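**Q** I'd like to ask some things about the structure below.
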Amino acid sequence: VRSASAEELRQWLRNFDAAAKRPLRTRFRYAFIHTYKPVLDDAGYRSFDTMEDYRAWCERELPSWLGYGR
Amino acid sequence: VVRTRVAELARIWPLSSKQAEEIRDVFARHGVRYLFLGSGAILLRFPDTTQNTDLYVEKSPANGAALVVALQELGFVLDDVRRAEIQRGKDFVQLKDGPFDLDLVFAPDGIERFGDAWDRRVQIEGFPVCHPSDIIASKAAANRTKDRESLPRLRAFVDYWLEKHRR
């Protein structure tokens, strides 16, 4: 995990201050987004006995650029 | 046509504030014990985007039964297999053909026991949310590429959040 620069940290703190002023409904409105994710979005239902099974499935089946791999 | 349009809109907006309120109210009515997990950071005012709603649900027969009833009331169509798997509490269940996408996590990485997370929970306008330290622990343990990318900013936010709530 990388470290943030001092300038990045300052910018993030400004973002945090701004977000703290937004009401919950606004946060929902802009935070929950959807873009199509190949494979992941192509089934209506999945279940896994263990989280390890799920992580292994993500590694094996999903395109790496989705970021679900380790 | 209207149903199709509604379904399309549901795909564009995976979870609206109204739907979140429905989760909160319906789950409360049925006594479901759950916590908003990764997406809970948004409720805590973390300025970010998320593509899924993930709930950490207590694994117990009674809670599983209540959860099934609550999900059906919210509009999820559950056949016998789904009902059984959710009620049993398989570690991870992903629902993507209901009124909104929902991940049910019964054993998240990085958090040992539901009861401990429940005791540490943060209540935001009636929404039960994992404590930010549990959200960090979960993402750190999952250790996916997307978690590693988001962790520095999330950790900075948690420091900010803890500082604000110490006052």
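**Q** If one takes the longest principal axis of the Cα atoms in chain B, at what angle in degrees, from 0 to 90 and to the nearest 10, does the Cα axis of helix B:132-142 lie?
**A** Its long axis makes an angle of about 80 degrees.
**Q** Any aspartates and glutamates with Cα under 15 Å of the residue B:59 Cα? List them, leaving off those in the same chain fewer than 8 positions away.
**A** A:49, B:85, B:91, B:103, B:109, B:112, B:116
**Q** Determine, from the Cβ-Cβ distance of residue B:59 and residue A:70 and an R0 of 25 Å, the FRET efficiency 1/(1 + (r/R0)^6), rounded to the nearest 0.05.
**A** For R0 = 25 Å, the calculated efficiency reads 0.55.
**Q** In addition: Which value at 222 nm does chain B reach when only helices count, each DSSP H run of 4 or more adding -39,500 (n - 2.57), with the total divided by all residues and rounded to the nearest 500 deg cm²/dmol?
**A** Here the helix-only value at 222 nm equals -16500 deg cm²/dmol.
**Q** I've got another one for you. Compute the Rg/Rh shape ratio of the stretch B:32-114: radius of gyration over Kirkwood radius, all on alpha-carbon atoms.
**A** 0.96
**Q** When the convex hull of the C-alpha atoms of the stretch B:55-167 is computed, what volume per residue in Å³ does it have?
**A** So the per-residue hull volume is 123 Å³.
**Q** Roughly what would the spin-label model give for residue B:141 and residue B:118, points 7 Å off Cα along C-beta, in nm?
**A** Inter-label distance under the simple model: 1.7 nm.
**Q** Starting from the Cα of residue A:49, step 7 Å along the direction of its Cβ; do the same at residue B:125; then give the gap between the two resulting points in nm.
**A** 4.2 nm
**Q** If I take all pairs of Cα atoms in the protein assembly as shown, what percentage of them are more than 32 Å from each other?
**A** 16 percent
**Q** Once both axes come from the Cα atoms, what is the angle between helix A:51-61 and the longest principal axis of chain A, in degrees from 0 to 90, rounded to 10?
**A** Approximately 80 degrees, to the nearest 10.
**Q** Still on this structure: Measure nothing fancy, just the Cα-based angle from helix A:6-20's long axis to the longest principal axis of chain A, in degrees from 0 to 90, nearest 10.
**A** 90 degrees
Only the coordinates and a few stated rules stand behind these numbers; no lab work does. On a predicted model such as this, the values are computed, not experimentally measured, just so you know. Every residue, glycine as well, gets a Cβ built from its backbone with ideal geometry; the counts of neighbours run over all protein chains shown.
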